[in-house]
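Peer 1: What follows is a single structure, and I will ask about it in a moment.
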Amino acid sequence: MKASALKYCLLGIAIAAAGTAGGFWLGQQSSSHNQMPAAESEDRQVLYWYDPMVPTQRFEQPGKSPFMDMELVPKYAGAEQDTTALSVPAQAIQNLGMRTSAVVRAVLPSGIDAVGSLAYNQREVATLQARSAGFVERVYGRAPGDVMPAGTPLADLLIPEWSAAQLEFIAVLQSGDARLVDATRERLRLLGMPKGLVDHVQRNRKPKALQTVVTPIGGELLSLEVRAGMAVSAGQDLARLNGLSSIWLDAAIPESQAAAVQLGAQISASLTAFPGQTLKGRVIALLPSADVQTRTLTVRSELPNPDGKLRPGMFVSVRLNSADEQPVLLIPSEAVIRTGKRALVMLAEGEGRYRPHEIQVGREADGRFEVLAGLSEGQAVVTSGQFLIDSEASLQGVMAQVGDPVPVQAPLHEAQGVIRELDDQTVTLEHGPFESLGMPGMTMVFDLAKPEVAVGLKIGDSVRIGVRQSDAGLFVEQLNKQGASQ
């Protein structure tokens with residue numbers, strides 16, 4: 001064996017031995033506080049017997065444990081201990097290198113990293129059709145895949161019906177009857193003749209039976225269904241184009257992260273075709289269906305494409321940022337003990353006392369967990385050595401407590417209104433609709449959250465109203481004066 005390999009092997013054995021010895025020593029230190037001299041124990045009343053490995057199960061008689069090959073341990077009167085906390089000697093804390101961290105309230109970056117691809121903007125589609133039956137006289141050598149500006153000619157169509165109608169229009173123009181001229185122009189429009197062609201005939205007094213089909217928008221030619229000499233019928237599709245002034249970006253995200261996506265949120269996109277360049281856009285849609293194979297949802301964004309360098313089908317790396325990031329309670333990820341069914345932390349209560357505590361966690365980012373319930377700001381949790389404490393707590397029957405949920409404040413709903421009556425406890429408001437509540441405009445009485453809300457206001461003042469809903473109904477929390485009194 002090489003010297004370097006031998007060194008790492010011995011180092012691993014030493015670390016494992018130190019961890020085992022630390023756990024054993026911690027157990028010995030903790031259990032020593034519960035032991036008493038034999039003479040003293042004989043004078044104490046035995047309450048029940050129990051298995052230290054299953055401390056919640058009690059037995060009325062001594063004997064062998066049904067769970068382990070060991071004798072049951074007596075529990076004496078007056079020896080009850082706090083079953084919700086564990087005491088650890090100061091020397092053990094120092095030897096194990098235990099560290100703690102405070103629960104803080106801060107903003108957790110809620111960005112989502114995803115991959116996606118570029119696609120055509122389906123809102124920029126143009127379809128060209130024959131307005132009347134005719135024949136293809138000429139094609140201009142275009143083919144699907146060509147990118148062209150607006151007004152590019154595609155084909156010339158000969159439409160016999162238009163030729164006869166134009167000759168009739170020229171004859172009406174020579175009569176000088178204005179009402180008849182207007183009626184004939186309308187007939188040409190109903191035949192499908194473009195306004196520019198009608199104006200051309202009226203100016204030159206010559207029929208023009210050829211119609212040149214041109215692109216109405218700039219973009220890529222997706223299909224071209226005309227060939228020289230072929231006949232076309234009214235309403236037949238001739239060509240289809242898709243604009244390229246903007247591009248859709250479709251990114252796949254796990255369905256578990258759907259709640260973090262908000263319409264209007266900013267995204268950052270980078271393409272392998274243009275390294276070092278970051279494109280900015282905004283989320284325009286979260287598509288309603290999920291992929292049944294990958295269990296992902298599609299987030300659609302729109303990117304500007306003024307120079308046409310973005311092409312449908314390109315691979316993109318996407319970073320989705322939250323549109324509204326609010327401060328939340330955070331703890332280090334290493335402080336959380338996952339059991340499969342729940343999440344625990346070891347609360348540090350001072351003077352060597354530690355308490356296992358069940359919590360609810362949410363998002364995780366940058367090495368921190370969002371705490372949804374179970375902790376409050378300023379509490380201390382163990383971030384190093386908590387697994388040894390948790391093992392000892394299990395041996396001593398210390399049960400984890402479940403904390404109260406973190407209170408979530410109801411949203412504030414706003415509308416415009418005018419004060420019609422006012423006293424210290426209520427206000428009568430003629431208000432507009434509360435859009436977020438789905439409440440139409442009306443005149444009604446509201447309770448004030450506190451008298452200070454209406455200080456400095458009087459009947460007839462125009463106000464911006466802020467109400468919050470509770471189990472007892474709606475309470476006015478804000479009345480901000482707006483403009484002149486009414």
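The values are calculated or read from the model by the stated rules, or taken from the named source; none is laboratory data. Predicted model only: the values in this text are computed from it and were never measured. Cβ atoms come from the backbone with ideal geometry, glycine included; neighbour counts cover every protein chain shown.
Peer 1: From the list Arg189, Arg227, Arg185, Arg203, which one is in a loop (DSSP other than H, G, I, E, B), in the same structural domain as Gly141 (by TED's automatic domain parsing) and modelled with pLDDT of 85 or more?
Peer 2: Arg227
Peer 1: Just to check your reading of the model, which residue among Thr298, Thr272, Thr278 is within 19 Å of the chain's Cα centre (by Cα) and farther than 30 Å from Pro216 by Cα?
Peer 2: Thr298
Peer 1: Let me ask another. Kindly indicate which of Gly264, Gly276, Gly235 is modelled with pLDDT of 85 or more and either surrounded by fewer than 16 Cβ atoms within 10 Å (Cβ to Cβ) or within 24 Å of Asp307 (Cα to Cα) (or both).
Peer 2: Sole residue among the options that is modelled with pLDDT of 85 or more and either surrounded by fewer than 16 Cβ atoms within 10 Å (Cβ to Cβ) or within 24 Å of Asp307 (Cα to Cα) (or both): Gly235.
Peer 1: Report whether or not Leu221 is modelled with pLDDT of 90 or more and surrounded by 14 or more Cβ atoms within 10 Å (Cβ to Cβ).
Peer 2: Judged against the criteria, Leu221 is a match.
Peer 1: Could we say that Ala150 is modelled with pLDDT of 90 or more and surrounded by fewer than 16 Cβ atoms within 10 Å (Cβ to Cβ) here?
Peer 2: Yes: the conditions hold for Ala150.
Peer 1: Sticking with this one: How many of the residues in the range 348-376 are assigned to a strand (DSSP E or B), touching a strand residue (DSSP E or B) at 6+ places or on another chain (Cβ under 9 Å) and on the phi < 0 side of the Ramachandran plot?
Peer 2: 20
Peer 1: Taking the conditions exactly as written (over 15 Å from Ile159 (Cα atoms) and without any contact (Cβ under 8 Å) to a residue 60 or more places away in the chain), does Gly196 satisfy them or not?
Peer 2: Answer is yes for this residue.
Peer 1: Which one is surrounded by the fewest Cβ atoms within 10 Å (Cβ to Cβ) among residues in the range 52-74 that are closer than 25 Å to His357 by Cβ and at pLDDT below 75?
Peer 2: Applying the filter and picking the extreme gives Thr56.
Peer 1: Suppose we filter Ile267, Ile331 for residues that are assigned by TED's automatic domain parsing to the domain that holds Ala102 and aliphatic (A, V, I, L, M); which single one remains?
Peer 2: Of the residues listed, the single one that is assigned by TED's automatic domain parsing to the domain that holds Ala102 and aliphatic (A, V, I, L, M) is Ile331.
Peer 1: Just wondering, is there one or more residues in the range 348-356 that are modelled with pLDDT of 80 or more and surrounded by fewer than 19 Cβ atoms within 10 Å (Cβ to Cβ)?
Peer 2: no
Peer 1: Val445 - would you say it is under 30 Å from Arg105 (Cα atoms) and either at pLDDT below 90 or in a strand (DSSP E or B) (or both)?
Peer 2: So Val445 does not fit the description; no.
Peer 1: In addition: Failed condition for Ile170, given (1) outside any helix (DSSP H, G or I); (2) of a type outside the set (Lys, Arg); (3) farther than 15 Å from Thr215 by Cβ, with all others met?
Peer 2: With respect to (1) outside any helix (DSSP H, G or I); (2) of a type outside the set (Lys, Arg); (3) farther than 15 Å from Thr215 by Cβ, Ile170 is out only on (1).
Peer 1: Looking at (1) surrounded by 16 or more Cβ atoms within 10 Å (Cβ to Cβ); (2) at pLDDT below 90; (3) under 30 Å from Val299 (Cβ atoms), can you tell me which one Asn121 breaks?
Peer 2: (2)
Peer 1: Now a separate question. So the check is Cβ under 6 Å with 6+ separation or different chains; which pairs have a first residue in the range 172-185 that's farther than 11 Å from Val198 by Cβ and a second one that's among the hydroxyl-bearing types (Ser, Thr, Tyr)?
Peer 2: If the second residue must be among the hydroxyl-bearing types (Ser, Thr, Tyr), the pairs left are Val172/Thr184.
Peer 1: Within the range 215-260, track down each residue that is among the polar types (S, T, N, Q) and out of contact with any strand residue (DSSP E or B) (no Cβ under 8 Å at 6 or more places or on another chain).
Peer 2: Ser233, Ser256
Peer 1: Separate question: Residue check, Arg179 against (1) assigned by TED's automatic domain parsing to the domain that holds Gln166; (2) more than 25 Å from Trp162 (Cβ to Cβ), all met but one. Which one?
Peer 2: (2)
Peer 1: Just to verify a result, which residue in the range 457-479, among those that are more than 16 Å from Val418 (Cβ to Cβ) and among the small types (Gly, Ala, Ser), is surrounded by the fewest Cβ atoms within 10 Å (Cβ to Cβ)?
Peer 2: Among them, the one singled out is Ala472.
Peer 1: For the range 411-434, name all the residues that are over 14 Å from Val445 (Cα atoms) and in a strand (DSSP E or B).
Peer 2: Those that are over 14 Å from Val445 (Cα atoms) and in a strand (DSSP E or B): Leu412, His413, Glu414, Ala415, Gln416, Phe434.
Peer 1: Further question: Is it fair to say Leu222 is hydrophobic (A, V, I, L, M, F, W, C) and under 47 Å from the mean Cα position of the chain (by Cα)?
Peer 2: In short, yes.
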